Amino acid sequence: MRRVTVRKSSIHGRGVFALRAIPAGQRILEYRGEVTSWRLAAARYRRTGIAGHTFIFGLVDGRVIDGSVGGNSARWLNHSCQPNCEAIEDERGRVFIETIRAVMPGDELFIAYGLSIDEEMTPDLAAAFACRCGKRRCTGSMLTSTGG
Ligand SMILES: C[S@@+](CC[C@H](N)C(=O)[O-])C[C@H]1O[C@@H](n2cnc3c(N)ncnc32)[C@H](O)[C@@H]1O
Ligand SMILES: [Zn+2]
């Protein structure tokens, strides 16, 4: 039985939703996609992307998983400042999405993106990365750090 589905989200575009109650500590999905260098993935997004909107997941070794190529449902996970899931990278560079709290049927699943950018913050960048998770402790941004 499928535990999650992808459908329209009130936060942004599409999101991943629970179809059934899922306890904390369950592995839900693998974050699949093309494993490539940050440089190549960034170049791809400069050509085709919208600022602040990517399917890139950064790995510990500096490479990335680009969910836009060969990706699965995990690429639709939205960000929340108080997420109910986390992404865990194993020793082989595979990334799994696991619940960190119990979720109910119909709940949207979220991870904290932990995004950072090297550039100096501008109003355009701040708008591109604005968070609309609506949680009580929302920081207002999907970014955790910026270049200045
Ligand atoms: C990996 S996609 C997630 C799927 C996305 N909802 C979609 O339909 O394409 C990441 C993008 O979703 C949007 N997003 C995710 N979480 C958000 C949030 N909490 N507030 C605002 N936008 C969000 C941002 O545009 C972000 O770059
Ligand atoms: Zn937020």
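Per-peptide packing, taken as the mean over residues of other Cβ atoms within 10 Å, places 77-88, 16-27 in the sequence 77-88, 16-27 from highest down.
Nearest 500 deg cm²/dmol is fine: what mean residue ellipticity at 222 nm does the chain get from its DSSP H runs of n ≥ 4 alone, each adding -39,500 (n - 2.57), divided by its residue count? When only DSSP H runs of four or more count, the value is -3000 deg cm²/dmol. Under the combined filter of DSSP loop state and at most 13 neighbouring Cβ atoms within 10 Å, the stretch 40-81 retains none of its chymotrypsin sites (Phe, Trp or Tyr not before Pro). If the segment from Glu34 to Arg20 were pulled out straight at 0.36 nm per residue, it would be longer than the present Cα-Cα gap by 2.1 nm. Give me the percent of accessible area attributable to carbon and sulfur for the chain, probe 1.4 angstrom. Taking all protein chains in place, the chain shows 50 percent carbon and sulfur surface.
Between helix 38-48 and the chain there is an angle of about 90 degrees, using the helix long axis and the longest principal axis of the Cα atoms.
Close amide H pairs (under 5 Å, H built 1.01 Å from N) link Ile28 with Ile97, Glu98, Thr99, residues at least 5 positions away or on another chain. Surface exposure of the stretch 1-101, expressed per residue as accessible area with a 1.4 Å probe, stands at 57 Å². For the stretch 3-148, the percent of C-alpha pairs falling in each 5 Å distance bin, counted from 0 to the bin holding the largest distance, reads 2, 9, 18, 23, 22, 16, 8, 3, 0.
The values are calculated or read from the model by the stated rules, or taken from the named source; none is laboratory data. Values in this document were obtained by computation on a predicted structure and should not be read as measured data. We place every Cβ from the backbone using ideal geometry, glycine too, and count neighbours over all the protein chains shown. Ligands, DNA and RNA are excluded from the accessible area calculation, which covers all protein heavy atoms including side chains. Shrake-Rupley method; radii C 1.70, N 1.55, O 1.52, S 1.80 Å.
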